[in-house]
């Protein structure tokens, strides 16, 4: 996200997170930066459902990453975004490890000038050179996009 | 996490998350299940640092996933875990996309019977067949482990 030219080196700091088990099952609290700690857990019988499953957190990480890229690109195109919502759905493998074989991200944008082609262009750039979370799952997860524009013009 | 035999099909539901942009920069609130919404954002100038960067959330997702796998395996080995903490650090590429080229996860375990070899065995199983977040970044991110045992025996 930091630079416009993907061939230029970017100054980036390492990122860190800490996690602590807080019960006798799998309730783990994670934290990074100075932000609110996040409860994570698993569904019974492994956990007690006291927090986000790691794969749910992954969907939010992926969604926020793509959203940040797409919004930045659309704004560089001088587009006006009134509302930007996303729904992200992951289909898990039925054999271990039960990772996502497919993720479908729906982009719901209210605007007077954004077109589906604009969003598609931003998504192509995001996938190719901007969104780091997308880059880390490349070749392992099939990502599909649904674009819904609510035109207020 | 659901089955002991990685060749057996596992009943898994799709997972979903929703995200909404809440300001004119990149402050996005994400949510899944019935859990507390999570603030995400970017550092200035793109965002205002009002929440987790997507890559920080990714580290928590990855850490909680590996922790869940490792704890489950150690408990199946009848090991006694008194304290389980993790520090996860990601080194980002200096060209776009600035994804993690390397993640180092440190496992700090207080126990009277867990050995470094036990944890290494659990990590090998987690990587090979249990932890879905690890599976999704395979081939794209180099994962290193540091094991620290505090023996209370």
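The values are calculated or read from the model by the stated rules, or taken from the named source; none is laboratory data. From a predicted model like this one, the values you see are computed outputs, not experimental measurements. In this analysis, Cβ positions are derived from the backbone assuming ideal geometry, glycine residues included, and neighbour counts consider all displayed protein chains.
Conditions tested, residue by residue: (1) out of contact with any helix residue (DSSP H, G or I) (no Cβ under 6 Å at 6 or more places or on another chain); (2) at pLDDT 95 or above; (3) more than 17 Å from residue B:16 (Cα to Cα); (4) surrounded by 16 or more Cβ atoms within 10 Å (Cβ to Cβ).
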{"position": "A:108", "(1), (2), (3), (4)": "yes, yes, no, yes"}
{"position": "A:116", "(1), (2), (3), (4)": "yes, yes, yes, no"}
{"position": "A:119", "(1), (2), (3), (4)": "yes, yes, yes, yes"}
{"position": "A:141", "(1), (2), (3), (4)": "no, yes, no, yes"}
{"position": "A:153", "(1), (2), (3), (4)": "yes, no, yes, no"}
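Going by what's in this entry, would residue B:89 be described as closer than 15 Å to residue B:141 by Cα, surrounded by fewer than 24 Cβ atoms within 10 Å (Cβ to Cβ), in contact with a strand residue (DSSP E or B) (Cβ under 9 Å, 6 or more places away or on another chain) and facing chain A (nearest Cβ under 7 Å)?
Spelling it out, residue B:89 is indeed closer than 15 Å to residue B:141 by Cα, surrounded by fewer than 24 Cβ atoms within 10 Å (Cβ to Cβ), in contact with a strand residue (DSSP E or B) (Cβ under 9 Å, 6 or more places away or on another chain) and facing chain A (nearest Cβ under 7 Å).
Report, ordered by the first and then the second residue, all pairs with beta carbons closer than 7 Å, sequence separation of six or more or different chains, a first member in region B:28-46 that is over 15 Å from residue A:63 (Cα atoms) and at the interface with chain A (Cβ under 7 Å from one of its Cβ atoms), and a second member that is assigned to a loop (DSSP other than H, G, I, E, B) and modelled with pLDDT under 95.
B:46/A:1
If the requirement is being in the same structural domain as residue A:126 (by TED's automatic domain parsing) and free of Cβ contacts under 8 Å to residues at least 60 places away in the same chain, which of these qualifies: A:21, A:59?
Answer to the check: A:59.
Of the residues A:38, A:73, A:81, A:29, only one is in the same structural domain as residue A:126 (by TED's automatic domain parsing) and touching a strand residue (DSSP E or B) at 6+ places or on another chain (Cβ under 9 Å); which?
A:81
Which residues, taken from region A:111-150, are more than 14 Å from chain B (Cβ to nearest Cβ) and over 17 Å from residue A:86 (Cβ atoms)?
A:112, A:113, A:115, A:117, A:121 - these are the residues of region A:111-150 that are more than 14 Å from chain B (Cβ to nearest Cβ) and over 17 Å from residue A:86 (Cβ atoms).
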